[in-house]
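Only the coordinates and a few stated rules stand behind these numbers; no lab work does. This structure is a prediction, so every number in the text was calculated from the model and none was measured. All Cβ positions, even for glycine, are placed from backbone atoms using ideal geometry, and neighbour counts span all protein chains on display.
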Amino acid sequence: MKEGKKYPFQLASAAFNQDLIARCGVTFVWTAVIPRTKWKYRKRCYRYTCLDAGHIGKNLYLAAEDLGLGYCTIGAFYDEQINQLIGLDGIEETTIYLGGMGQIS
């Protein structure tokens with residue numbers, strides 16, 4: 001298996017083996033840079049970051065519908081594994097949401 005072909009399966013494994021991540025055309029990974037938001041919003045930074053991720057996810061549902069594509073957001077994943085796959089430290093910047101988009105079969 002080529003290295004590029006392996007990556008979607010690693011993402012799917014980190015997402016509790018949700019195979020749609022391995023089969024979709026593109027996987028969006030939302031990350032949050034906590035200090036960037038925390039300096040302004042303090043304790044509410046976590047709430048606002050999650051709300052923003054949800055809003056973006058909903059907009060991608062709408063875009064996918066318009067394009068005739070399937071889309072699914074995913075909040076169930078092993079943070080540490082996704083962070084390691086995409087090169088994040090999990091402290092200053094961490095993964096907060098995933099979304100898979102592709103052809104409906």
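Points 7 angstrom from Cα along the Cβ direction at TYR78 and LYS40: gap in nanometres?
Roughly 3.5 nm, to one decimal.
Which value at 222 nm does the chain reach when only helices count, each DSSP H run of 4 or more adding -39,500 (n - 2.57), with the total divided by all residues and rounded to the nearest 500 deg cm²/dmol?
Calculated from helices alone, the mean residue ellipticity at 222 nm is -16000 deg cm²/dmol.
Quick one: which of 58-68, 75-85 comes out on top by average Cβ neighbours within 10 Å, and what's the full order, highest first?
75-85, 58-68
Where a ≥ b ≥ c are the square roots of the eigenvalues of the C-alpha gyration tensor, would you call region 22-79 rounded, which needs a/c under 1.5, or, failing that, prolate if a/b is larger than b/c, or oblate?
It is prolate, given that a/c is not under 1.5 and a/b is the larger ratio.
What is the dipole size for the chain, taken about its Cα centre, with +1 at each Lys and Arg Cβ and -1 at each Asp and Glu Cβ, in debye to the nearest 20?
Computed about the Cα centre, the dipole is about 360 debye.
Name the aspartates and glutamates eligible as straight-distance cross-link partners of LYS43: C-alpha to C-alpha under 18 Å, and not fewer than 8 places from it in the same chain.
Hits, sequence-local ones excluded: ASP52, GLU92, GLU93.
Considering only the other residues whose Cβ falls under 15 Å of the Cβ of THR37, what net charge follows from Lys and Arg at +1 and Asp and Glu at -1?
+4
Go through [x] 36, 34, 20; [y] 44, 33, 19; [z] 40, 25, 21 and flag the label whose value is the computed Cα extents along the principal axes in Å for this structure.
Correct label is [y].
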